[in-house]
Structures are given as structure tokens and as C-alpha cells.
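*Asks:* Before anything else, here's the structure in question.
Quick note: the coordinates plus some simple rules give every number you see, no bench work behind them. What you see is a predicted model, and the numbers here were worked out from it, not measured in a lab. We place every Cβ from the backbone using ideal geometry, glycine too, and count neighbours over all the protein chains shown.
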Amino acid sequence: MNIDVDKANAELEDKHPLDIVRWATALGGKCIVTTNFGPYEAVILHLVHRVQPDMPVVWADSGYGTRYTYQFAEKLIADLGLNMHVYNPLQSAARRDAIMGIPDVDDPRHEEFTNQVKLEPFQRAMREMQPDVWLTAIRRDQTEFRKNLNVVTQDKPGGVVKVAPVFHWTEADMQAYLDEHGLPNETRYYDPTKVLGNRECGLHNRFTA
């Protein structure tokens, strides 16, 4: 799928996230939405549910989530009737813990750890799902890297069109949406590939399709 990214971003600059989701689904290709069931993820999942309730929801589950995250995920899956597609690492967390543990971010093994628990499952999901459009909940205020992105990006001509409906929203905007729609939130989230909240895990700065 080829689109004019600059034109799309100009068109969507002041649009509500719900309208951006509608725009993405109207492109005519296969859409998926990814989630990690982290803080404020109920927002993107609810937005998508309002527009296309059966849209495939892809979760690359590292196996290192907190019990609160897994309970939160099960509640949202049930409440919204999500069309889930869960991708796990090829090696169990218990086996990896015995061999490698969770390397510190400065440990040379951390890159391999990230590949095993996050990137490989995600890349496998993208190969199997073969989406034309990928909806994501990234926001520009989350990391330095994301400030240089936009609502619509495409890494290469004909590649997957990445759409971030809540890109320009702040944390306050996200909380307001949760309050407006009576949605749950869960902040006790842990990503062993990031450790720090403002660190990239690799999906948005290393994956191209």
C-alpha cells in the first residue's frame, strides 16, 4: 500500500483519535492494532473497538508481565470482546531465567534478550498477520525518539502504514478519555527490555516492513 504520508499527516493533524482510526480503516487494507496492556492501553483498544470491533489485536507477550498486567489484560479482553492474537517468545521465561536471567541494559547480552522476548515474537506476528495498516498507541511525549515521528509513518514505499491515533495526546488527555468512558487502567507494568519508561524497546526504531 502506497500513501502520501505528508498529505495524510496534514489532513489528520487536528483530528480526534477516533476520526484517525476511522481514516485508517477506510484505507481498505488489513488493519491490526498492537498492545502491551500497559498504562492507558485501554484507550487505543476502546477506540478501535468503536470503529471495528473485530480488528485483530496483536500482543507480543514477553512472559515477564506483572500479575496485575495479566489480570488487566484478561478484563479488557473480556469486556471489549477483543479479537486476540498472542505471540510468545520461542523459549519460556523459566528456561531463559536459568540460562541468561534478565541482563542489565548495559550488558552486551541485553540486545539478544530484547530480540528473544520482544522483537522476534513481534516480527513473527507481522509475518503471519501480514497487515497493510498497523495501529499503535505511541505518543510523541513518551520518548525523545518518538518526538521525531508523526501520526502516520511508512518506513519504505509499499511497506506497512503505521498509524498512531493518540500521537498528539498527553497523559492528561488519555486519563480524561478513560474517565469519560469508564475504562480501567493499570500502571503496575514492567517491560524488561526497556527498564526505563523513556527508553525504546526496539519495535518503533528497528522494525521496518
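*Asks:* If R0 is 22 Å, what FRET efficiency do you get for residue 98 and residue 194 from their C-beta distance, rounded to 0.05?
*Replies:* Numbers: r = 23 Å, r/R0 = 1.04.
The computed FRET efficiency comes out at 0.45.
*Asks:* Shifting gears a bit: Of 177, 1, 136, which is farthest on the positive side of the dipole of the chain, counting Cα position, with +1 on Lys and Arg Cβ, -1 on Asp and Glu Cβ, and the Cα centre as origin?
*Replies:* Value computed over the given set: 1.
*Asks:* I would also like to ask the following. Which links in 118/156; 118/194; 15/118; 30/118; 30/162 stretch past 20 Å when you go from one Cα to the other? Spell out each step's value before the answer.
*Replies:* On the way: 118/156 22 Å; 118/194 10 Å; 15/118 31 Å; 30/118 23 Å; 30/162 12 Å.
Exceeds cut-off: 118/156; 15/118; 30/118.
*Asks:* I would also like to ask the following. Check which residues have an amide H placed less than 5 Å from residue 83's amide H, if you skip close sequence neighbours.
*Replies:* Distant-sequence amide H within range of residue 83: 57.
*Asks:* In whole Hz, with x marking every Gly and Pro, tabulate ³J(HN,Hα) for region 135-144 from phi via Karplus 6.51 cos²θ - 1.76 cosθ + 1.60, θ = phi - 60°.
*Replies:* Per residue, the Karplus-derived 3J(HN,Hα) values read 8, 9, 9, 5, 10, 5, 8, 7, 9, 4 Hz.
*Asks:* Next question. Compute a Gaussian network model of the chain, connecting alpha carbons closer than 10 Å, and tell me which residue from 169, 134, 59 fluctuates the most.
*Replies:* Top of the fluctuation ranking is 169.
*Asks:* Further question on the same structure: Given a Förster distance of 25 angstrom, what is the FRET efficiency for residue 71 paired with residue 120, based on the Cβ-Cβ distance and rounded to 0.05? Intermediate values should be presented prior to the final figure.
*Replies:* Numbers: r = 26 Å, r/R0 = 1.04.
After rounding to 0.05, the efficiency reads 0.45.
*Asks:* Something else now. Please give the helix 120-129 orientation as an angle from the longest Cα principal axis of the chain, in degrees from 0 to 90, rounded to the nearest 10.
*Replies:* Relative to the chain, helix 120-129 is tipped by roughly 40 degrees.
*Asks:* For region 5-206, give me the percentage of DSSP beta bridges that are antiparallel, rounded to the nearest 5 percent.
*Replies:* Working: 3 of 16 bridges.
Approximately 20 percent, going by the DSSP bridge assignments.
*Asks:* Next up: To the nearest 20 debye, what is the magnitude of the charge dipole of the chain about its Cα centre, counting +1 on the Cβ of each Lys and Arg and -1 on the Cβ of each Asp and Glu? Mind showing how you got there, number by number?
*Replies:* On the way: 23 positive and 30 negative charges, 87 e Å.
Dipole magnitude for the chain comes out near 420 debye.
*Asks:* Mind pulling the angle between the C-alpha long axis of helix 67-80 and the longest principal axis of the chain? Nearest 10 degrees, somewhere in 0 to 90.
*Replies:* 30
*Asks:* Further, regarding this structure: Distances longer than 32 Å among the Cα atoms of region 5-206: what percent of all pairs is that? Working shown, then result.
*Replies:* On the way: 2595 of 20301 pairs.
For region 5-206, the share of Cα pairs beyond 32 Å comes to 13 percent.
*Asks:* Right, something else. Hey, in the GNM for the chain with a 10 angstrom Cα cutoff, which one of 162, 30, 118 fluctuates hardest?
*Replies:* 30
*Asks:* Further question: By how many nm would the segment from residue 19 to residue 78 grow when fully extended, if each residue of separation counts as 0.36 nm and the alpha-carbon distance is taken off? Don't jump to the answer; show the numbers that get you there.
*Replies:* Working: separation 59, 0.36 × 59 = 21.24 nm, distance 2.49 nm.
The residue 19-residue 78 span can extend by a further 18.7 nm.
*Asks:* What do you get for the angle between helix 41-51 and the principal long axis of the chain? Use alpha-carbon atoms, 0 to 90 degrees, nearest ten.
*Replies:* 40
*Asks:* Also, quick follow-up: Name the GluC sites (Glu not before Pro) in region 56-154 that are in a loop by DSSP and that have at most 15 other C-beta atoms within 10 Å, would you? Write out the running numbers ahead of the final one.
*Replies:* Values: sites: 74, 111, 112, 128, 144; in loops: 144.
Here the GluC sites (Glu not before Pro) that fit, given the DSSP loop and packing criteria, are 144.
*Asks:* For an R0 of 35 angstrom, estimate the FRET efficiency from the Cβ-Cβ distance between residue 171 and residue 130 and round to the nearest 0.05.
*Replies:* On the way: r = 33 Å, r/R0 = 0.95.
For R0 = 35 Å, the calculated efficiency reads 0.60.
*Asks:* Just grab the label-to-label distance for residue 7 and residue 106, each label 7 Å out from Cα along the Cβ direction, in nm (one decimal).
*Replies:* About 5.0 nm, to one decimal.
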